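Have a look at the structure below before the remarks.
Derivation of every value follows stated rules applied to the coordinates shown; laboratory data play no part. Since we're looking at a predicted model, the values are computed, not measured. Cβ: placed from backbone, ideal geometry, glycine included. Neighbour counts: every protein chain shown.
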Amino acid sequence: MKAAYLVCYDIADEKRLARIYRFMKGKGLHLQYSVFYCVLTPQQLKNLKDESLFHSWVLEKRLRRNGIYMSNSK
């Protein structure tokens, strides 16, 4: 059974923002700059989470390799 999801993100880095936007573009309806409305099955939701985590993991790995470390604190 499909359910509706609002996918929102806040990314400061313009290249990463563009990459995530391209990734999300085919997944749902683009409502605002970083907001998508998606109607997904449980499997599609799992795939979306897995793929988006992969994108985050790749970026984090690249940053660490270059001696830059990410922090959630502002």
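Could you line up 1, 24 from fewest to most neighbouring Cβ atoms inside 10 Å?
Working: 1 4, 24 19.
Ranking 1, 24 by Cβ neighbours within 10 Å, fewest first, gives 1, 24.
To make sure I understand, if each residue's beta carbon is the centre and we count other beta carbons within 10 Å, what order do 39, 7 fall in, fewest to most?
In increasing order of surrounding Cβ atoms, one gets 39, 7.
For 22, 16, which order do you get if you count the other beta carbons within 10 Å of each Cβ and list the fewest first?
With the sparsest Cβ surroundings first, the list reads 22, 16.
In nm, give the distance between the simple-model label positions of residue 14 and residue 37, each being 7 Å from the Cα along the Cα-to-Cβ direction.
Between residue 14 and residue 37, the simple spin-label model gives 3.0 nm.
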